[in-house]
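Q: Here you go, one structure.
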């Protein structure tokens, strides 16, 4: 099953699905460069499941979901993120 089908097949209303799709797309844009072409579809599916586990019926904040999903990937693949900000610029104090 593709990552997009995991998200689009979820039992959420259209507005919440838009939030989930945005969170997924932004998270993937932040981390896709870290993974090899051979790994990408599997990682996309992991990321999609993570986004869906973080999404609730009243979710409105794509950035919060995105950031939490990227943190989950950092925990799963710590060596991939060592020295990397996952596409984000680190803010002072982070």
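What follows draws every value from the coordinates through simple rules; no lab data is involved. Since the model is a prediction, treat every value here as computed from it, not as a measurement. A quick note on method: Cβ atoms are made from the backbone with ideal geometry, for glycine too, and the neighbour counts reach across all protein chains shown.
Q: Within a 10 angstrom radius of the beta carbon, how do 58, 67 rank from fewest other beta carbons to most?
A: Working: 58 10, 67 18.
With the sparsest Cβ surroundings first, the list reads 58, 67.
Q: Now for a different question. Can you give the translational diffusion coefficient of the chain in µm²/s, computed by Stokes-Einstein from the Kirkwood radius over Cα pairs at 10 °C and 1.306 mPa s?
A: The estimated diffusion coefficient comes to 118 µm²/s.
Q: I would also like to ask the following. What's the long-distance tail for region 1-52, i.e. % of Cα pairs beyond 14 Å?
A: 48 percent
Q: Return one number: the angle in degrees, 0 to 90 and rounded to the nearest 10, between the long axis of the Cα atoms of helix 14-31 and the longest principal axis of the Cα atoms of the chain.
A: Approximately 10 degrees, to the nearest 10.
Q: Going by how many other Cβ atoms sit within 10 Å of their own, how do 65, 7 line up, fewest first? Working shown, then result.
A: Details: 65 25, 7 21.
The most exposed by this proxy come first: 7, 65.
Q: Another question, then. With contacts defined as alpha carbon pairs under 8 Å and 6 or more residues apart, what's the relative contact order of the chain in percent?
A: About 36 percent, as a whole number.
Q: Something else about it: Going by how many other Cβ atoms sit within 10 Å of their own, how do 2, 36, 55 line up, fewest first? Don't skip to the end; give the middle numbers.
A: Numbers: 2 11, 36 7, 55 21.
Lowest to highest Cβ neighbour count: 36, 2, 55.
Q: For n ≥ 4 DSSP H runs only, could you compute -39500 (n - 2.57) per run for the chain, divide by its residues and tell me the 222 nm figure to the nearest 500?
A: Value at 222 nm, helices only, nearest 500: -20000 deg cm²/dmol.
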